[in-house]
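The values are calculated or read from the model by the stated rules, or taken from the named source; none is laboratory data. Nothing here was measured: the structure is a model prediction, and the numbers come from that model. Backbone-built Cβ (ideal geometry, glycine too); neighbour counts: all protein chains shown. What goes into the accessible areas is simple: the full protein's heavy atoms, side chains included, and nothing from ligands, DNA or RNA. Shrake-Rupley method; radii C 1.70, N 1.55, O 1.52, S 1.80 Å.
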Amino acid sequence: MSTVDYSQELSVVEGRPSLRELDDLISKPLESKPDKKFFIAISFTGLMLLTGITALGASFIYGTGLWGNNNPVGWGFPIVNFVFWVGIGHAGTLISAILFLFRQKWRTGIARFAEGMTIFAVITAAMFPLIHTGRPWLPLYLAPYPNQHSIWPNFISPLLWDVFAVSTYFIVSLIFWYVGLIPDLAVLRDKAGTKVKKTIYSIFSLGWRFSNRHWQHYEMMYLILAGFATPLVLSVHTIVSYDFAVSIMPGWHATIFPPYFVAGAVFSGFAMVQNVLIFIRKIFNYEHIITLKVLENMNKIILLTGSLVGYAYAMEFFIAWYSGVQAEQFTFINRAFGPYAWAYWIMISCNVISPQLFWFKKIRTSIPIMFVLGVLVNVGMWFERFVITVTSLSRDYLPSSWAYYTPTITDFGILIGSFGLFFTLLLIFTKTLPVISIAEVKAVVDGAQPTHKDH
Amino acid sequence: MNSTHHSLDYVRKDLPVNFKKIGLILSVVGLILVIAAYYSDPVRSAFNNLVFLMLLTSIGLGAMFLVAIEYIGGAVWSTPFRRIAEFLAAVLILVPIAAIPVYLNLHDLYHWTHTDVVAADKILSSKSPYLNESFMLIRIALFMAIWLIFYKIITGNSKKQDESKDQNLTTKNIKISAIFMPFFALTITFAAIDWMMSLEPHWFSTIYGVYYFSGTVLAGLAAVTFLAVYLNEKGLLVKGLKSDNYYSLGALLFAFTNFWAYIAFSQYMLIWYANLPEETFWYLARWGGNWKFVTLGLLVVHFIVPYFGLLSQPSKMDPKRLKFMSLWILFAHLYDIYWLVMPTFSKESFVFGWIEAGFLSLAVGLILLIFNYKASRENVVAIGDPKLIRGINFRL
């Protein structure tokens with residue numbers, strides 16, 4: 001007995017809501033005053049952010065001696081956090097650009113939100129290298145321009161390529177996000193009650209009048225931007241992987257790093273988007289737009305990318321043995337059974353083992369279980385970066401310099417602060433802009449497509 | 001858009017006579033040359049045989065991957081062309097046969113099969129638990145068995161559906177295809193390591209399996225694209241297929257061209273930058289003598305030409321362009337395999353002569369013959385597939 005009829009296209013939005021209903025529903029959070037729950041949530045994330053600011057302020061006053069970084073482990077939490085947050089950003093572009101090119105209609109309900117998360121995650125990530133430069137008030141030195149000191153950035157360093165890759169990614173993501181917002185801003189403009197709101201929305205909707213010609217240009221622009229954004233999904237985390245892989249450090253220098261980092265980034269990004277959407281759809285009553293089917297599809301991608309990450313771990317391990325290079329072999333044995341074995345096995349169980357439960361439809365469609373698995377994925381992915389960064393450095397080529405790395409309370413403070421920043425921005429987003437693309441969802445509602453059934 | 005179909009317009013016809021004729025001529029000429037080659041230069045023939053084996057594996061496995069990914073992804077646009085990929089996956093049946101001469105000549109191909117050499121080499125002896133003849137034989141036999149079993153089940157279900165129109169068969173194939181994927185990933189990786197990477201047993205690269213995978217998908221995709229356009233032009237597929245239906249084939253060829261370049265660049269870039277002698281020698285071998293030109297040519301043939309050839313949107317739908325580019329990409333994949341394998345045989349300069357031509361002729365001939373054989377007994381379109389009408393009606 002077949003439960004699915006493959007000869008019919010499944011509808012993406014349930015219940016065939018009218019266009020007016022969609023306008024009202026999606027713009028509702030923007031038109032109502034924030035309630036108590038919102039204030040509780042934002043105070044909580046604000047507190048987290050404040051913790052981070054305090055820890056960071058202390059670091060600037062007293063120096064990086066407050067961090068756990070020591071002599072062989074020169075890269076500690078800040079790099080781990082940087083890679084983690086850049087990774088979180090990847091799901092947004094994958095959903096909005098790559099799935100768009102693949103004509104996956106189920107993405108429409110979640111694309112806007114995921115893109116927003118991309119932008120906030122990249123902002124959060126960009127904090128860390130800026131701190132790392134030591135003098136974050138001089139960021140222009142990162143740009144290659146002929147200054148009076150004749151100082152050029154170091155072009156052969158992948159850390160500089162990061163600056164270009166991440167800033168390009170940020171700019172393109174922002175434009176992509178904004179272009180997608182224009183028709184929705186026009187809807188809000190037309191609905192706006194107060195004059196201030198109307199003026200602001202009028203400015204940002206760039207005179208959009210829903211004319212046929214506007215739509216034509218818009219669709220072409222969107223397609224082109226999707227084309228631009230697609231290689232960027234690959235390039236950003238590829239460059240991040242180069243930070244490690246171009247070196248000759250055992251455990252870092254592996255040719256599989258670029259695609260492996262990209263898969264890992266999409267993996268953690270999807271888990272984060274899935275986690276947050278579970279709340280959004282419930283709080284704002286979007287359950288018929290962000291359907292269970294959408295969450296199930298996201299879980300399938302989590303399963304796929306998790307397996308790819310597992311493949312990469314296995315390949316690294318196998319080739320470390322196969323290579324016959326003693327240092328490589330030692331590094332991997334050390335990861336799995338050395339002083340950081342606890343971190344390694346957290347990584348393996350959260351990234352490789354537990355996502356395999358998504359093979360079962362029951363688990364893919366159970367909201368509490370998928371939430372837990374999604375959280376575990378992000379725990380695992382954070383630990384992956386920790387394992388890569390710390391284990392290799394703490395036991396490098398020279399045994400006399402080996403040392404154990406212990407993060408300090410300041411390190412944790414900055415980590416908490418990064419979550420605070422991310423979620424505060426996210427909360428502000430939910431109250432200032434439509435978190436679902438009104439225009440795109442309208443186009444996938446049943447009955448919106450032109451049909452030729454009775455020609 | 002006045003061509004929305006609600007019923008199928010498919011009449012089964014035989015392929016043009018020339019299809020079989022050309023296949024037969026190429027096979028016979030190829031076989032004669034191959035036999036002569038083994039008499040005149042067995043070592044060179046063995047290396048060519050390996051290239052031949054990898055080419056068949058790429059097309060068969062690549063096609064198999066496309067069939068499976070259509071089921072898993074629930075793709076609709078590709079359903080009218082899926083049977084073409086299924087027929088091409090039948091090339092996998094030839095793989096064990098093509099592998100026999102490779103096994104008979106293991107000593108000529110693989111340095112690590114010489115026990116005296118291995119005993120004197122510390123690194124090679126540390127690898128011998130993996131790199132030894134009997135384990136390799138077992139592994140490869142297992143891989144082939146896995147490929148053939150999944151091929152049988154998936155294409156069998158698809159064929160059954162022609163008659164029964166049973167939607168449950170689609171559901172079944174979705175599940176089996178999902179199970180196939182991890183097997184596919186592991187078998188293709190280790191097949192690539194065993195057959196090609198171990199030609200230089202000291203060399204290693206963690207991305208090698210992904211590299212071969214990217215080429216495999218391109219080869220499978222290119223073969224499907226060429227045959228899809230060709231058969232549709234001859235009117236052998238269902239009515240109503242237009243250039244819109246081709247679009248995704250072109251787009252995927254373009255995407256995987258970029259993916260291949262990305263993987264190839266990642267491997268090269270990281271090895272070049274780290275500059276470790278245990279890795280760089282592999283690239284240096286491809287830079288010595290006139291191999292330099294083959295290496296630079298790979299960049300042009302495998303990336304620059306298909307990139308610009310398929311960049312614009314109209315070119316992804318133009319049947320003429322698609323036919324040309326898909327043949328080009330098939331050639332590029334052969335070129336890539338040649339570049340991976342042959343420097344081990346001929347270190348000074350690349351070689352191309354009647355021996356290489358003979359193996360190529362046999363490969364093309366056999367692929368045409370097996371496709372013709374399948375097409376003469378089965379429908380060229382999966383007429384029982386519930387997604388087929390949606391697939392025919394697909395418009396951008």
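Observations
- Long-range neighbours under 6 Å by Cβ, at least six apart or interchain, first residue closer than 17 Å to A:Thr230 by Cα within the stretch A:156-167, second part of a helix (DSSP H, G or I): A:Ala165/A:Ser235; A:Ala165/A:Val236; A:Ala165/A:Ile239
- Selection status of A:Phe279, open to solvent by 10 Å² or more (accessible area, probe 1.4 Å), of a type outside the set (Asp, Glu), more than 9 Å from every other protein chain (Cβ to nearest Cβ) and within 24 Å of A:Val13 (Cβ to Cβ): yes
- When residues of the stretch B:90-136 are limited to those that are in contact (Cβ under 8 Å) with a residue 60 or more places away in the chain and open to solvent by 60 Å² or more (accessible area, probe 1.4 Å), the one nearest to the chain's Cα centre (by Cα): B:Ile93
- Flag if A:Ile98 is open to solvent by 10 Å² or more (accessible area, probe 1.4 Å) and assigned to a helix (DSSP H, G or I): yes
- Condition met for A:Ser173 (crowded, with 24+ Cβ neighbours inside 10 Å, closer than 27 Å to A:Glu440 by Cβ and modelled with pLDDT of 90 or more): yes
- Matching option when the condition is among the small types (Gly, Ala, Ser), free of Cβ contacts under 8 Å to residues at least 24 places away in the same chain, out of contact with any Lys or Arg (no Cβ under 8 Å at 6 or more places or on another chain) and open to solvent by 20 Å² or more (accessible area, probe 1.4 Å), among A:Ser349, A:Ser366, A:Ser401: A:Ser366
- Residue in the stretch B:159-172 that is open to solvent by 70 Å² or more (accessible area, probe 1.4 Å) and polar (S, T, N, Q) present: no
- A:Thr45 meets each of the listed conditions (1) closer than 30 Å to B:Asp385 by Cβ; (2) crowded, with 18+ Cβ neighbours inside 10 Å; (3) under 27 Å from the mean Cα position of the chain (by Cα) apart from (1).
This table checks each residue for (1) assigned to a loop (DSSP other than H, G, I, E, B); (2) within 11 Å of chain B (Cβ to nearest Cβ); (3) open to solvent by less than 10 Å² (accessible area, probe 1.4 Å).
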site: A:Lys197; (1), (2), (3): no, no, no
site: A:Arg209; (1), (2), (3): yes, no, no
site: A:His214; (1), (2), (3): no, no, no
site: A:His217; (1), (2), (3): no, no, no
site: A:Met221; (1), (2), (3): no, no, no
site: A:Phe228; (1), (2), (3): no, no, no
site: A:Gly264; (1), (2), (3): no, no, yes
site: A:Gly269; (1), (2), (3): no, no, yes
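- Taken over the stretch B:272-311, the criterion of being open to solvent by 60 Å² or more (accessible area, probe 1.4 Å) and more than 14 Å from every other protein chain (Cβ to nearest Cβ) is satisfied by B:Leu284, B:Trp287, B:Lys292, B:Phe293, B:Leu296, B:Leu299, B:Val300, B:Ile304, B:Phe308.
- Checking each residue in the stretch B:192-203 for being open to solvent by less than 20 Å² (accessible area, probe 1.4 Å) and either away from chain A (no Cβ under 12 Å) or touching a residue at least 40 places away in the same chain (Cβ under 8 Å) (or both) picks out B:Asp194, B:Trp195, B:Met196, B:Ser198, B:Leu199, B:Pro201, B:Trp203.
- The stretch A:241-254 residues that are over 17 Å from A:Pro72 (Cα atoms) and at the interface with chain B (Cβ under 10 Å from one of its Cβ atoms), paired with ones that are surrounded by fewer than 23 Cβ atoms within 10 Å (Cβ to Cβ) and among the charged types (D, E, K, R) (beta carbon under 6 Å, 6 or more apart): A:Ala254/A:Glu316
- Filter result for B:Thr189 (at pLDDT 95 or above and within 11 Å of chain A (Cβ to nearest Cβ)): yes
- Residue that is farther than 30 Å from A:Phe113 by Cα and part of a helix (DSSP H, G or I), where the choices are A:Val387, A:Val377: A:Val387
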